[in-house]
1. Could you pull out the residue among G62, G106, G75 that is without any contact (Cβ under 8 Å) to a residue 12 or more places away in the chain, closer than 20 Å to A210 by Cβ, surrounded by fewer than 16 Cβ atoms within 10 Å (Cβ to Cβ) and out of contact with any helix residue (DSSP H, G or I) (no Cβ under 6 Å at 6 or more places or on another chain)?
2. Identify the single condition in (1) crowded, with 18+ Cβ neighbours inside 10 Å; (2) closer than 16 Å to Q209 by Cα that T151 does not satisfy, given that it satisfies every other one.
3. Output the residues belonging to the stretch 220-234 that are part of a helix (DSSP H, G or I), open to solvent by 10 Å² or more (accessible area, probe 1.4 Å) and in contact (Cβ under 8 Å) with a residue 12 or more places away in the chain.
4. Scan the stretch 155-180 for residues that are of a type in the set (A, V, I, L, M, F, W, C) and open to solvent by 40 Å² or more (accessible area, probe 1.4 Å) and report the count.
5. With the checklist (1) touching a helix residue (DSSP H, G or I) at 6+ places or on another chain (Cβ under 8 Å); (2) open to solvent by 40 Å² or more (accessible area, probe 1.4 Å) in hand, flag the one item V146 doesn't pass.
6. Only residues that are more than 24 Å from the chain's Cα centre (by Cα) and open to solvent by less than 30 Å² (accessible area, probe 1.4 Å): list them for the stretch 109-130, please.
7. Within the stretch 4-13, is even one residue assigned to a helix (DSSP H, G or I), open to solvent by 90 Å² or more (accessible area, probe 1.4 Å) and either within 30 Å of L220 (Cα to Cα) or touching a residue at least 40 places away in the same chain (Cβ under 8 Å) (or both)?
8. Only one of these is modelled with pLDDT under 85, open to solvent by less than 20 Å² (accessible area, probe 1.4 Å) and assigned to a helix (DSSP H, G or I): M268, M253. Name it.
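The values are calculated or read from the model by the stated rules, or taken from the named source; none is laboratory data. Please read these numbers as outputs of a predicted model, since none were measured by experiment. In this analysis, Cβ positions are derived from the backbone assuming ideal geometry, glycine residues included, and neighbour counts consider all displayed protein chains. We work out accessible area using only protein heavy atoms, side chains counted, and drop any ligands, DNA or RNA first. Shrake-Rupley method; radii C 1.70, N 1.55, O 1.52, S 1.80 Å.
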Amino acid sequence: MSSTLTGRRAPKLWWNVLGLLVFVTAGFPLYWMLNTAFKPAKDAIDPDPSLLPTGLTFDNFGRALDIADFWGPVGRSMVVSLAVVVIGMVVGLLAALAISRFAFRGRKIVIVGILAVQMVPLVAMIIPVFLLLNDLGQYDRLTGLVITYLTFVLPFTVWTLRGFIVNIPKELEEAAMVDGCSRTSAFLRVVFPLLAPGMVATSVYAFIQAWNEYLYALMLLSQKNQTATVWLGNFTTKHGTEYAPMMAGATMMAVPIVALFLLVQRKMAAGLTAGAVKG
């Protein structure tokens, strides 16, 4: 009997060990960022670094705030990211609803096109995007960066929301319409509340994509309009890289993402478990 129980527990033990290894691998870069941010600057460039904190100092954060304007780039990143999320969710929700609920000519082509756009490397579109924004007078403008980010956030948003909508039975809308609701009212009263967790999860991922993007922000904005990710480049100079202040700056940049995740973690978890793609 005991040997049988041991045999059953062994697979669970290995799965737990595997999960622990994945956690450590994914969490170590975050730990090292925090460790470097709070250690003295001289220890950050030690050729034989210690895995455990050797000291605690807040000087790196002061240095990060002094080396260049911090609140300006962070504010611009916040404006761009929120604009991308709001526009992307409104347009993406309408597009996902049309694809998943209505049959129209070319529907499959649209779905394949959405997948194809996500396969194109972002670096391959830099020159065409630069030329297009320059012709439209949107170069070195936050509106131009928002439009650019929407080109890769929208396909992701549409495809993800489509998976959530498909999992909501049509019969719920039809029952509401039988009771006297219009199609719009049935969607707002029945479908939208069920779709809320999925929208939260999609919004968080869209926000992270826009917040962390570096390449286009570097190429399409001048230094006076730089975003937070480009701002981190100020720590690399001809004299070398100030790793400790850079990690302090990266830690401050991570605060909005962490705060957002903590606020919506329950809705996000519910959305992730309900978002299996179907149909």
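1. G75
2. (1)
3. N225, T229, V230, L232, G233, N234 - these are the residues of the stretch 220-234 that are part of a helix (DSSP H, G or I), open to solvent by 10 Å² or more (accessible area, probe 1.4 Å) and in contact (Cβ under 8 Å) with a residue 12 or more places away in the chain.
4. 6
5. The single condition V146 does not satisfy is (2).
6. Result: no residue meets the conditions.
7. no
8. Residue meeting the stated conditions: M268.
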